[in-house]
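The values are calculated or read from the model by the stated rules, or taken from the named source; none is laboratory data. Treat the numbers as computed from the prediction; the structure is a model and nothing was measured. Here Cβ is always computed from backbone atoms with ideal geometry, including for glycine, and neighbour counts include all displayed protein chains. Accessible surface areas use protein heavy atoms only, side chains included; no ligands, DNA or RNA. Shrake-Rupley method; radii C 1.70, N 1.55, O 1.52, S 1.80 Å.
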Amino acid sequence: MNVCIIGEGLTALSLAKSLINKKINVHYYHKNRNSNFSSNRTIGISKSNFEFFKEKIFQISKNNYWKINRIEIYTDKIDTENLLKFENDKNDLFYMIKNDELLKSLKSNLIKSKFFKKIILKKDINEESLNKKEYDLIINCDAGNFLAKKYFTKKISKNYYNLAYTTILKHKKIDNNTATQIFTKQGPIAFLPISKIETSVVYSIDIKNKKFNNSDVIDLIKKNNPKYKINKINKLNSFKLSSSNLRNYHYKNILAFGDMLHRVHPLAGQGFNMTIRDLRILTKIIEDKIELGIQLDSLILDEFEKKTKDKNFIFSKAIDLIYESFNLDKKVQNKSFSKILKGIGKNKNLNNYFIKLADAGINF
């Protein structure tokens, strides 16, 4: 069985690793360049997704992740009572990982496998040349290539008019296992620990009515700093924020995957977690077909779409609703949504429900 994967980054490499683990031949098409992934980018992986990733995809080294066992959510100022507090005395809530470190580890492992082949994505490559290689499945993780522009253009999209700024704080050593999110007037800012002396920052700033330079953003990070005695703030990186949901997941034997399927606001840290849940479902379908001796073909993709599309859309819209609810609260200044969240926080059953929802998605 031969599968073609097109794209770069964590999604494509994780998908490739999960398939070669099943002894499926993978041709990995990538651009002819050294990818300069920012060392400031981090990802949070929920507990259930982290366990799946370690068991079914790749054993992440203990030196490459950091445990988070408590989440505190505030509005406006850190010195006010928190809106929500999630914690689990028995289990960690999620794990923080440096994006570039996991990428390097995956790449190093993949090139050792006889089932994995890297191929440079040439400018003149097209669908016909891919079909000549008789791939059972073609999985596209790149939203900007010829397949995406030809078959996967119909989507429900939204521009948040936000810029997400990312950096890493270097600070004095502390017990650092609590993630903090503050809904400021400019937008949500998250402080995500990655060690006792480092904390990742993701700040989604509304730029519709006002522009911010890097100096402004650094001042805002310092202003909203919850507890850290900062020694250094790394260089800022930024990217535009939007949401999207693809209308059709596949065409014949070509599957769109990763951010192509769904892109969400980072305030809930669910982007890559949604992709891992998709990966879990896709690999289970493939496992079942292999056990039954059934050839991998487009029927797999149809089954995958039926099992994931509606859930992904609902989950994406729920994240968008959270963002817009806080945005409305900020504009009308009546704090009604904040009051609702405080009520949820005081209800143990509802609190546990949202912990499970963030951990496992709609599938729990």
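Details
- Charged-residue dipole, Cβ positions (Lys, Arg, Asp, Glu), the chain about Cα centre, Debye nearest 20: 860 debye
- Accessible surface comparison of Met274, Met1, probe 1.4 Å, protein chains only, largest first: the order is Met1, Met274.
- Projecting the Cα atoms of Thr184, Ser14, Leu106 onto the dipole axis of the chain, where Lys and Arg carry +1 and Asp and Glu carry -1 at the beta carbon, places Thr184 farthest toward the positive end.
- Exposed loop sites were defined as GluC sites (Glu not before Pro) in DSSP loop states (anything but H, G, I, E or B) carrying at most 14 other C-beta atoms within 10 Å; in the chain the longest segment without such a site runs 135-364.
- Annotation note: chymotrypsin sites (Phe, Trp or Tyr not before Pro) in the stretch 93-159 located in DSSP loop regions with a Cβ neighbour count of at most 11 within 10 Å are absent.
- Heavy-atom accessible area per residue - the stretch 205-309, 1.4 Å, Å²: 50 Å²
- Sites listed here are trypsin sites (Lys or Arg not before Pro) in the stretch 109-190 whose DSSP assignment is loop and whose Cβ has at most 12 other Cβ atoms within 10 Å: Lys112, Lys114, Lys122, Lys123, Lys133, Lys154, Lys172, Lys173, Lys185.
- Tilt relative to the chain, helix 336-346 - C-alpha long axis, 0 to 90 degrees, to 10: 80 degrees
- Helix 99-110 and the long axis of the chain differ in direction by around 20°, with both axes built from C-alpha atoms.
- FRET efficiency, 1/(1 + (r/R0)^6) with R0 22 Å, evaluated for Lys23 and Leu292 via beta carbons: 0.85
- Heavy-atom accessible surface of the stretch 186-341: percent carbon and sulfur, 1.4 Å: 53 percent
- If you run the Gaussian network model on the chain, springs between alpha carbon atoms under 10 Å, then out of Pro226, Pro188, Pro266 the most flexible one is Pro226.
- Taking other residues whose beta carbon is less than 9 angstrom from the beta carbon of Phe86, and scoring Lys, Arg as +1 and Asp, Glu as -1, yields 0.
- In this structure, the residue pairs whose Cα-Cα separation is over 23 Å, taken from Lys54/Lys104; Lys132/Lys155; Lys117/Lys306; Lys56/Lys252; Lys56/Lys307; Lys23/Lys289, are Lys132/Lys155; Lys117/Lys306; Lys56/Lys252.
- When the square roots of the Cα gyration tensor eigenvalues are ordered a ≥ b ≥ c, the ratio a/c for the stretch 64-174 is 1.5 or more and a/b exceeds b/c, which makes its shape prolate.
- Only one item in (i) 100, 43, 40; (ii) 73, 39, 37; (iii) 62, 44, 38 matches Cα extents along the principal axes in Å derived from the coordinates shown, and that item is (iii).
- Global geometry of the stretch 211-306, whether rounded, prolate or oblate, following the gyration tensor of its Cα atoms and the 1.5 cut on a/c: prolate
- Each Lys or Arg adds one and each Asp or Glu subtracts one; over the other residues with Cβ under 10 Å from the Cβ of Tyr151, this totals +3.
- Summing Lys and Arg as +1 and Asp and Glu as -1 over all other residues whose Cβ lies under 9 Å from the Cβ of Ile285 gives a net charge of 0.
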